[in-house]
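The values are calculated or read from the model by the stated rules, or taken from the named source; none is laboratory data. Here the structure is a predicted model, which is why all the values come from computation and not from measurement. Glycine also receives a Cβ, built like all others from the backbone with ideal geometry; neighbour counts cover every protein chain displayed.
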Amino acid sequence: MLNEDTMLNAALEYLEMDFSVIPINPATKKPLVKWGKFKKRQPAIEEIERWFTRWPKANIAIITGSISGIYVFDADGPEGIRWVNENLPMTTVYSRTSKGLHVIYKVPEGLTIKSKVRIYPEIDIRGEAAYFIAPPSIHKSGHQYHWQFLLNGWDDLEAFDPYSIIPKNKGNLNLDLSELSERLNVEKIIEGIPEGERDTLLYKEACRLRGKNLTQDEAWNLLKTYATRCRPPFPENEALVKLLQAWKHDPNEAVIEITPHLEKENITEKVIPAHLLNPGGILQEMMAYIESNSTVSVPIFSLGACISCLGNVMGQKVQTETGLRTNIYSISLGYSGTGKNAPFNTLPQIIGRSKAHETIGPTELTSSSAILKWLSNINHRVTFMMLDEIGMVLKGLKRPDSHAADIPRILTKLFSATDRSETKGYTTGDPIALPWHHLSFYGASTPERFWENIGGGEVADGFLARVLVFESRHDSPKPKSSVSFSQNPDLIDKINKIYSIEVKTDSFRGNIEAVPIPIIIPRSTDAGTYFEEWSEKYHNLKNEYKADSVASIYGRAAEHAAKLALIHAVSLDLNKVRVVGIESVKWACLLLDHLIENIVDQIKENVADTDVQRWKQKILKGIREISRNRPYKGATVRDIQRGPCQGLLSADVRKYLDSLVLAEQVGVDEFVTSKNRTVKFFYLA
C-alpha cells in the first residue's frame, strides 16, 4: 500500500540514479509543472520535495534521452509485445504498464535517440526530450506500474542502437511476456536453481549467455558461479558440458524460454492439510453446496464460513461441559477472485429456505449500538452476520472518534457473554437490554487491508484471539462456466432439525424473557484425555509468552477447540450425538494447530505499533521470502527495495538493516561478483 511519502521517496531515489524526474497528473498523464528546463538539467532535491509535498499522489515520470541516459520502447498492447519478442535484444530492466510493457535501454554513447510514434503497431520510442511513467505510479485504471529486472537490473543495463533494427526486422530473443508477469524465471537462474531444475535451467542460462555474444571464458566465469550456488551445487564439469553444448549454436540461435510467474506478496503461509478440509457430515454438505453453486470457491474459505454458519444454527441448543456455546467468529483472508466471497452468495440461500431464516443478520456494521439494537429484537437473539470487506470495519480502530471505533470492543465482549445479559444506557432514551444472545459472523478481506488495521493493542486486548482466521494467498482459480443452482432440500431438512432442537428455559434471574438452557454434550473419555493433553500445550505457551501479545491467542485455543469439536460432532450425526467423540476432538485440535501457527506467524510479521517496527517487519519478511527459492541465504539491499520496501530510500533500508544486524535478527555475508563488485547479502540470523 502506498503511503503519502511513497512517491516522494521514489522520485528522490531516481534522482540518486541520475534520472531527471517530474510529477505527473494521474488522470491526464500530463506534467504538473513546466518541464522544459528539466530536459536539460535534473531537478534539485528541494524542487522534488516541494512538488510531492504539494501533490503527494502525483505519478512520477522519468525524462528520457541524454539527460537521464536511457530511452524506452513502449509496447502498448499484445501486438506491441509480440514485436518486442521478435525484434528486440534482451535488456535487464522492464516496466509493466496498464496495457503492455516499457522496455528500457541505455542511450549509446554519441547517439541521439529521436522519439518516434507507431514505428510498428502498438510500438513507440520515447527518446530525446520525452518521458515515460515510472513505478510505483498508479494508472487511472488502478494498475500500479512495477519494475521487472533480469540479472542485476540497472547495474547490468546495456546500450542498444534502435536504428539497427528500424526498419529491419531481425531479433535474437524469444521473450515470452504475453501475460505481463511481475517477475521472470530468469531471476531463478540468478538466485540459484533447486535440485530437479538445475540441468535444464543451467543449459538455458548457457544459451542466454551465448546470445549476449560473450566470449566463452566470460560466459564460463558466470555459469560457474551460478552452478556453485545451486541447491545442491552443480558439478563444474557438468556445467562446462552445458556451456559447450550452447556454444555449438550461433549467438542468434541461443533462445531463452522465459515463462511468466506472477509476483506474490512477500508473506509466508502454512498450507492447511487436506484431511482437515473434509470434515464430513453437514459441514461437508454445506461446503459442497457452496462449491456447486459458485463460479469460484475454495475449501479453506468455505470451511470457515460453514463453521460459523452451522455453529449459529445450533445457537443456544447445545453447549460444552464448561458452558461454551457454538458462536464462532471467522474471517477469510485472500486476494480478489480467490473464492472468499462465495459463501456470501450461497449460505443465505440455504439458511433463507430453512426455519433458521430469521437468524440472517445485517451485512454491515455501523456502530456498537446498531449491533445491540439488532440483537435486542427477540427474533434476532440468534444472529449470523456476513460481513464483506471486514478490513474496512477495522479501520475504525485507528479512528477513535468514529462510530466504528467501539465495534471490536463490543464484539469482544459479546463473544464470551452469550448466557449473560448486556445493557447499554443512554443519556436520552431507553437503554438497550439483552437478556441473552448468540452472535456469530463470517467476514472476508484481503490480507493487506486486514493486517494494516490490526495493531498490537487488538492482539493483546483479545479481539483477534476471538477470531478464527482462515488465510490463503493462492492464485485466483479459473471461474466455472456454469453452476448448478440446486436447492438441496435434504440439507435444508437437516438444518431444520438442528434449529428445532428443544431446550429448557430459565427465568429465575428475574428476566422477563426466559433464557434458554442448552443441552450439555460431554466429551467421551478418550476424547477428554486427548483434549486435556492438547490444551496443556497451549496453556504452557500462554505462560511462556505472557509478556507477549500472542499470549491471548494461545489462551483462547482450548475454548475454540471445544466449540469446534462440538459443532463437528453435531454435524456428523445430529440424531445420535450423545458425546463429543475422539474423531471430532482430533479434527478440531488439528485445525486449531494450523490456524494458530499461521496467525502467530502473521502477527509477528505484520503487527507493529510504529512505522519503524513495521518497516523492519517488512524487511524480515522480505528476506525470508526472497531466500525461500534461492540456493543460498540472503537478499541484497536492492532485492529488499524492489520487494518489501518499495518507495523506501536505500539509505533508510540500510539504516534499518544495520539496526537488525545489531539486534542479531539479521546476519550479513559478502559476495564478490564476476565484475569484482562486492555485494552484501542479508539473511535471517
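Given the condition farther than 24 Å from Gly304 by Cβ, at pLDDT below 80, out of contact with any Pro (no Cβ under 9 Å at 6 or more places or on another chain) and in a helix (DSSP H, G or I), answer yes or no: does some residue in segment 445-456 qualify?
Yes, some residue in segment 445-456 is farther than 24 Å from Gly304 by Cβ, at pLDDT below 80, out of contact with any Pro (no Cβ under 9 Å at 6 or more places or on another chain) and in a helix (DSSP H, G or I).
Here are some residues: Val570, Val600, Val579. Which one is touching a strand residue (DSSP E or B) at 6+ places or on another chain (Cβ under 8 Å), surrounded by fewer than 19 Cβ atoms within 10 Å (Cβ to Cβ) and either among the charged types (D, E, K, R) or on the phi < 0 side of the Ramachandran plot (or both)?
Checking each option against the conditions leaves just Val579.
Please identify the pairs in which a residue from segment 151-176 that is on the phi > 0 side of the Ramachandran plot has its Cβ atom under 8 Å from the Cβ atom of a residue that is surrounded by 14 or more Cβ atoms within 10 Å (Cβ to Cβ) and modelled with pLDDT of 75 or more, counting only partners at least 6 apart or on another chain.
Close Cβ pairs (under 8 Å, with a partner that is surrounded by 14 or more Cβ atoms within 10 Å (Cβ to Cβ) and modelled with pLDDT of 75 or more) amount to Leu151/Thr92; Gly153/Thr92; Gly153/Val93; Gly153/Trp147; Gly153/Arg638.
Based on this model, can you work out whether Ala10 counts as in a helix (DSSP H, G or I) and of a type outside the set (Val, Ile, Thr)?
Yes: the conditions hold for Ala10.
List the residue pairs whose Cβ atoms are under 8 Å apart, where the first residue sits in segment 473-491 and is assigned by TED's automatic domain parsing to the domain that holds Gln284, the second is loosely packed, with under 10 Cβ neighbours inside 10 Å and not basic (Lys, Arg), and the two are 6 or more positions apart or on different chains.
From segment 473-491, the pairs are Ser476/Ser336.
Among the residues of segment 605-623, write down those that are within 15 Å of the chain's Cα centre (by Cα) and closer than 13 Å to Asp639 by Cβ.
Across segment 605-623, the qualifying residues are Lys618, Lys621, Gly622.
(1) surrounded by fewer than 20 Cβ atoms within 10 Å (Cβ to Cβ); (2) assigned to a helix (DSSP H, G or I); (3) modelled with pLDDT under 85: which one isn't true of Val459, the others all being true?
Unmet for Val459, out of (1) surrounded by fewer than 20 Cβ atoms within 10 Å (Cβ to Cβ); (2) assigned to a helix (DSSP H, G or I); (3) modelled with pLDDT under 85: (1).
Sort out which residues of segment 314-345 are β-branched (Val, Ile, Thr), crowded, with 24+ Cβ neighbours inside 10 Å and closer than 22 Å to Phe470 by Cβ, and write them in order of number.
Thr326, Ile328, Ile331, listed by residue number.
For segment 308-329, give me the residue count where each residue is assigned to a helix (DSSP H, G or I), of a type outside the set (Ser, Thr, Tyr) and over 20 Å from Val579 (Cβ atoms).
Result for segment 308-329: 3.
Please go through (1) modelled with pLDDT of 85 or more; (2) part of a helix (DSSP H, G or I); (3) over 22 Å from the mean Cα position of the chain (by Cα) for Gly667 and return the number of the only condition it doesn't satisfy.
(2)
Among (1) free of Cβ contacts under 8 Å to residues at least 24 places away in the same chain; (2) in contact with a strand residue (DSSP E or B) (Cβ under 8 Å, 6 or more places away or on another chain), which single condition is Thr28 missing?
(2)
Taking the conditions exactly as written (basic (Lys, Arg) and out of contact with any strand residue (DSSP E or B) (no Cβ under 8 Å at 6 or more places or on another chain)), does Lys340 satisfy them or not?
No, not satisfied.
Look at segment 298-312 and say how many of its residues are out of contact with any Ser or Thr (no Cβ under 7 Å at 6 or more places or on another chain), of a type outside the set (Gly, Ala, Ser) and touching a residue at least 24 places away in the same chain (Cβ under 8 Å).
3
With Lys633, Lys621 as the choices, which residue is outside the structural domain of Glu448 (by TED's automatic domain parsing) and modelled with pLDDT of 75 or more?
Answer to the selection: Lys621.
Return the residue satisfying two criteria in turn: it lies in segment 115-130 and is out of contact with any helix residue (DSSP H, G or I) (no Cβ under 8 Å at 6 or more places or on another chain) and part of a strand (DSSP E or B), and of such residues it is surrounded by the fewest Cβ atoms within 10 Å (Cβ to Cβ).
The qualifying residue surrounded by the fewest Cβ atoms within 10 Å (Cβ to Cβ) is Val117.
So if I check each of Phe19, Phe73, Phe52, which one is in the same structural domain as Pro135 (by TED's automatic domain parsing), touching a residue at least 12 places away in the same chain (Cβ under 8 Å) and in contact with a Leu (Cβ under 6 Å, 6 or more places away or on another chain)?
Phe52
Please go through segment 350-393 and pick out each residue that is surrounded by fewer than 16 Cβ atoms within 10 Å (Cβ to Cβ), farther than 23 Å from Ser336 by Cβ and β-branched (Val, Ile, Thr).
Thr366, Ile378
Over 30 Å from Gly528 (Cβ atoms), out of contact with any Cys (no Cβ under 7 Å at 6 or more places or on another chain) and at pLDDT below 95 - does that describe any residue in segment 298-305?
Checking segment 298-305: at least one residue is over 30 Å from Gly528 (Cβ atoms), out of contact with any Cys (no Cβ under 7 Å at 6 or more places or on another chain) and at pLDDT below 95.
Restricting attention to segment 58-99, and to residues there that are in contact with a His (Cβ under 8 Å, 6 or more places away or on another chain) and of a type outside the set (S, T, N, Q), which single residue is modelled with the lowest pLDDT?
Arg96
What are the residues in segment 76-114 that are of a type in the set (Asp, Glu) and either outside the structural domain of Gln42 (by TED's automatic domain parsing) or not in a loop (DSSP other than H, G, I, E, B) (or both), if any?
Glu79, Glu86
Considering each of Ala608, Ala588, Ala635 in turn, give the residue that is closer than 23 Å to Val467 by Cβ and buried (at least 21 other Cβ atoms within 10 Å of the Cβ).
Being closer than 23 Å to Val467 by Cβ and buried (at least 21 other Cβ atoms within 10 Å of the Cβ) holds for just one of Ala608, Ala588, Ala635, which is Ala588.
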